[in-house]
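This report refers to the structure that appears directly beneath it.
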Amino acid sequence: MARRMEWAARSEHLRGIPRKIVIATVGAFSKTVSSFLNTTTVHNSDTLFRLLRSRPPTVPLITVSNHMSTLDDPFLWGFKGFPIFDTKLARWVLAAEDICFRNHFYSYLFRVGKCIPIRRGGGIYQEHMNEALERLNDGEWLHTFPEGKVYQDDAPIRRLKWGTASLIVRAPVTPIVLPIVHHGFQEVMPEKFMFGRRPLLPLCNKKIDIIIGDPIEFDLPKMKQKAISNSHNGTPFPTIGWPSTCDGLDEAAQRCLYIEISDQIRGALERLRCFGKQILKS
């Protein structure tokens, strides 16, 4: 269903009017919840604004964050000063197919709202990952939740899924990768509010903190050589038939590379999480 509605995600669909309506409506709702009904503090927002507005037009941006509620996106972008009504600057985001694309109506809305369906458990070579690569090839901004699911407890960042790492490696132009950690959305939209269910509407009078880090540096040529060496010398992984990359990395080398990149991203997110805890204590 989501694949059949790929046309709705095109900027020229009905002259872009549906996209403007959806993004403006969702943006207004997010701004209301994050900036007016709750108290949101953002740290280092200038870095995000600079990368959105001033990076070279052919260089894509990937933002990665922890995942604390089903409404992290779009509420994450509802803080004061963020240009949430700008359809050109708006992010693309990987969204769970079983939640966001479960019927034709939802599929259309999320497609128009620049969401790319991802089938959880479908692997890094599922068809919609190619769509994400196309957006990166266009120099667009893509947001991902590499933990792969919502975790509302205050705990260290979990082991990351490899999808984001594979996009970084397979993108024609290496993306800028910006880590973001947030805290508070789990209280705005708790998973178990009443009778084990989420509230019908977001809750109010909560404190939200958003900590934006600095771009993560990846020396991909060096990391690829290390991955090839490790894949030859280490314990072999069971193979499932991944194709080789355009620069000749076989499945074993890809796995080693994706593990290293994911660990680097996880480390950056965990450092931001610890920094955020210090801020909350102070």
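The values are calculated or read from the model by the stated rules, or taken from the named source; none is laboratory data. As the structure is a prediction and not an experimental result, all values here were calculated from the model. We place every Cβ from the backbone using ideal geometry, glycine too, and count neighbours over all the protein chains shown. Protein only, heavy atoms only, side chains kept; ligands, DNA and RNA dropped before computing areas. Shrake-Rupley method; radii C 1.70, N 1.55, O 1.52, S 1.80 Å.
Quick notes
- Helices (runs of 4 or more DSSP H) lying entirely in segment 168-282 (those with 2 or more residues that are touching a strand residue (DSSP E or B) at 6+ places or on another chain (Cβ under 9 Å) and surrounded by 19 or more Cβ atoms within 10 Å (Cβ to Cβ)): 185-188, 251-281
- Within segment 114-144, the set of residues being farther than 21 Å from I84 by Cβ and among the aromatic types (F, W, Y) comprises just one member, Y125.
- The residues in segment 44-66 that are open to solvent by less than 40 Å² (accessible area, probe 1.4 Å), under 12 Å from I210 (Cα atoms) and not small (G, A, S) can be counted, and the count is 2.
- First in segment 191-206 and closer than 22 Å to F79 by Cβ and touching a residue at least 12 places away in the same chain (Cβ under 8 Å), second anywhere and in a loop (DSSP other than H, G, I, E, B) and aromatic (F, W, Y), Cβ under 9 Å, 6 or more apart: L203/F193
- The helices (runs of 4 or more DSSP H) found wholly in segment 1-104 and carrying at least 2 residues that are over 30 Å from D263 (Cα atoms) and of a type in the set (S, T, Y) occupy 17-31.
- Any hit, segment 74-86, residues being open to solvent by 30 Å² or more (accessible area, probe 1.4 Å) and in contact with a strand residue (DSSP E or B) (Cβ under 7 Å, 6 or more places away or on another chain): no
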